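J.: Okay, handing you the structure first.
The values are calculated or read from the model by the stated rules, or taken from the named source; none is laboratory data. From a predicted model like this one, the values you see are computed outputs, not experimental measurements. Cβ coordinates were reconstructed from backbone atoms using ideal geometry, including for glycine residues, and neighbour counts include every protein chain displayed. Accessible surface areas use protein heavy atoms only, side chains included; no ligands, DNA or RNA. Shrake-Rupley method; radii C 1.70, N 1.55, O 1.52, S 1.80 Å.
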Amino acid sequence: MTGAKILEKIKGGLIVSCQALPEEPLHSSYIMSRMAYAAYLGGAVGIRANTVEDIAEIKKTVDLPIIGIIKQVYGDSDVYITPTLFEVERLIECGVDIIAVDATARLRPNGMDFKDFFTEIRKKFPNQLFMADTSCFSEGKTARELGADIVGTTLSGYTPYTNGTELPDFSLMKRYVKELDCPVIAEGGIMTPEQLKRALSVGVHAAVVGTAITRPREITKRFADAIK
């Protein structure tokens, strides 16, 4: 699929994040592939997935555009969503449709800033769709100026300088839609169908929902906490 066709397929729809870290009960590429299939049957237009292994299994199960990431922790940086060229290259090799990268102002491993990192990957992979996971407007603006194809609100509330932001961050969604000339993906803190509808009404291209759909431990905890 061309980039334009990928973007058209997810337009106006729900992307479901199917991820489980090693310490989580559902950590398994097979389980994530079944999660993705359930999301597909439920009406999802795309999947967001972590690791090459999970992406490979999901691609066997559903024919939906995939936003791929690799979460990798390095000791010298707080950036862990596709933080270096190494992770980008692994995602390229597995043929993922969209690659999402941390586009925050924080320094990456080895002291590299986002500008240098993204300039390098944009030049090396000119035809790949890249999504910038951001936490504030200046980051999204910079990412778009550097050539990001999609800007997302993914990390709003998760950086030291946005800590405490009410989620979902509808104000950031609105500003991106109004001021940036690229598709905007709403992500982060969307917990109800009503919030999803509100995000799409703002004019975002698509929206990602994860925890509220695919993380039963957290879903159970919300219910259990409500009756304590």
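J.: Which of the residues belonging to segment 133-151 are on the phi < 0 side of the Ramachandran plot and either part of a loop (DSSP other than H, G, I, E, B) or modelled with pLDDT under 95 (or both)? Lay out the reasoning, then the answer.
T.: Of all residues in segment 133-151, those on the phi < 0 side of the Ramachandran plot come to 133-146, 148-151.
Answer for segment 133-151, where residues must be on the phi < 0 side of the Ramachandran plot and either part of a loop (DSSP other than H, G, I, E, B) or modelled with pLDDT under 95 (or both): THR134, SER135, CYS136, LEU146, ALA148, ASP149.
J.: Right, another one. Collect the residues in segment 36-70 that are open to solvent by 50 Å² or more (accessible area, probe 1.4 Å) and assigned to a helix (DSSP H, G or I), keeping them in residue-number order.
T.: Scanning segment 36-70 gives TYR37, ALA38, TYR40, LEU41, GLY42, GLU53, GLU57, LYS59, LYS60.
Residues checked against (1) open to solvent by less than 10 Å² (accessible area, probe 1.4 Å); (2) in a loop (DSSP other than H, G, I, E, B); (3) at pLDDT below 95; (4) farther than 21 Å from ILE66 by Cα:
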site: PHE118; (1), (2), (3), (4): yes, no, no, no
site: PRO126; (1), (2), (3), (4): no, yes, no, no
site: MET131; (1), (2), (3), (4): yes, no, no, no
site: TYR158; (1), (2), (3), (4): no, yes, no, yes
site: GLY164; (1), (2), (3), (4): no, yes, no, yes
site: VAL177; (1), (2), (3), (4): no, no, no, yes
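J.: Condition check: open to solvent by 40 Å² or more (accessible area, probe 1.4 Å), under 13 Å from the mean Cα position of the chain (by Cα) and over 22 Å from LYS115 (Cα atoms). Does THR211 satisfy that? Before you say what the answer is, go through the steps one by one.
T.: Values: open to solvent by 40 Å² or more (accessible area, probe 1.4 Å): yes; under 13 Å from the mean Cα position of the chain (by Cα): yes; over 22 Å from LYS115 (Cα atoms): yes.
Here the answer is yes, as THR211 does meet what is asked.
J.: Give the residues of segment 179-200 that are assigned to a loop (DSSP other than H, G, I, E, B) and of a type in the set (Asp, Glu), sorted by residue number. Give the steps one after another, and end with the answer.
T.: Of all residues in segment 179-200, those assigned to a loop (DSSP other than H, G, I, E, B) come to 180-183, 188-192.
Across segment 179-200, the qualifying residue is only ASP181.
J.: Given the conditions (1) among the polar types (S, T, N, Q); (2) open to solvent by less than 70 Å² (accessible area, probe 1.4 Å); (3) not in a loop (DSSP other than H, G, I, E, B), which single one is not true for THR154?
T.: (3)
J.: So, one more: Scan segment 132-150 residue by residue and report those that are within 11 Å of VAL184 (Cβ to Cβ) and without any contact (Cβ under 8 Å) to a residue 40 or more places away in the chain.
T.: ALA132, THR134, ARG144
J.: Given (1) hydrophobic (A, V, I, L, M, F, W, C); (2) touching a residue at least 60 places away in the same chain (Cβ under 8 Å); (3) touching a Lys or Arg at 6+ places or on another chain (Cβ under 9 Å), where does LEU129 come up short, assuming only one miss?
T.: (3)
J.: When segment 1-34 is examined, which residues are found to be open to solvent by 50 Å² or more (accessible area, probe 1.4 Å) and free of Cβ contacts under 8 Å to residues at least 12 places away in the same chain?
T.: The answer is THR2, ALA4, LYS5, GLU8, PRO22, GLU23, HIS27, ILE31.
J.: Search segment 71-92 for residues being within 16 Å of LEU129 (Cα to Cα) and either modelled with pLDDT under 95 or part of a helix (DSSP H, G or I) (or both), and hand back the single one that is most open to solvent (accessible area, probe 1.4 Å).
T.: The residue in question is ARG90.
J.: Restricting to segment 111-147, give me the number of residues that are touching an Asp or Glu at 6+ places or on another chain (Cβ under 8 Å), hydrophobic (A, V, I, L, M, F, W, C) and more than 27 Å from GLY164 (Cβ to Cβ).
T.: Residues of segment 111-147 that are touching an Asp or Glu at 6+ places or on another chain (Cβ under 8 Å), as a first pass: 111, 114, 129-133, 137, 141, 144.
If we keep only those that are hydrophobic (A, V, I, L, M, F, W, C) too, we end up with 114, 129-132, 137.
Pick out the ones that are also more than 27 Å from GLY164 (Cβ to Cβ) and you get 129-130.
Qualifying residue count, segment 111-147: 2.
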